[in-house]
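Scroll down for the structure; my scribbles are underneath it.
Nothing in this text is a laboratory measurement; each read-out follows from the coordinates by a stated rule. All of these numbers come straight from a predicted model, not from anything done at the bench. Note that each Cβ is placed from the backbone with ideal geometry, even for glycine, and that neighbours are counted across all protein chains shown.
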């Protein structure tokens, strides 16, 4: 197997970075107040886990168009996650500090770039067939 060969969704850089992002989100929410367990903690964890889950689910689909659709759903979850993180670090809410949120938001940017690149590559590949 060459280093570029993709045998599974787990070999995809975007999935790996999505997992890193979800892990970071679980870590940051461990510091949130217990009364947020069913509120923002749950929202952030759900949205972050949804990103690599949708990448994996799309990879397992039969048709390229379905794969692209699941990658777009992952993009939507990413934007939802970014919004929750921004809200969590705002003024009176302040469940986390802006510096901690900023680190995770940078990870979100990376995952977003990788998702867009994969979608473009799949679309280009589809237009040649």
| Matching label, Kirkwood radius over Cα pairs in Å computed from the structure shown, candidates (i) 14.5; (ii) 15.3; (iii) 14.1 | (ii)
| query | By how many degrees, 0 to 90 and rounded to 10, does the Cα axis of helix 64-88 deviate from the longest principal axis of the chain? | reply | 20 degrees
| field | Angle between the chain longest axis and helix 13-29 axis [Cα atoms, degrees, rounded to 10] | value | 10 degrees
| Using alpha-carbon coordinates, inclination of helix 98-127 to the longest axis of the chain, degrees | 20 degrees
| query | Between rounded, prolate and oblate, where does region 88-129 land on the alpha carbon gyration tensor, with a ≥ b ≥ c its root eigenvalues, rounded for a/c under 1.5, else prolate if a/b exceeds b/c? | reply | prolate
| remark: For 83-89, 5-11, 93-99, 105-111, ranked highest to lowest by mean beta-carbon neighbours within 10 Å, the order is 83-89, 105-111, 93-99, 5-11
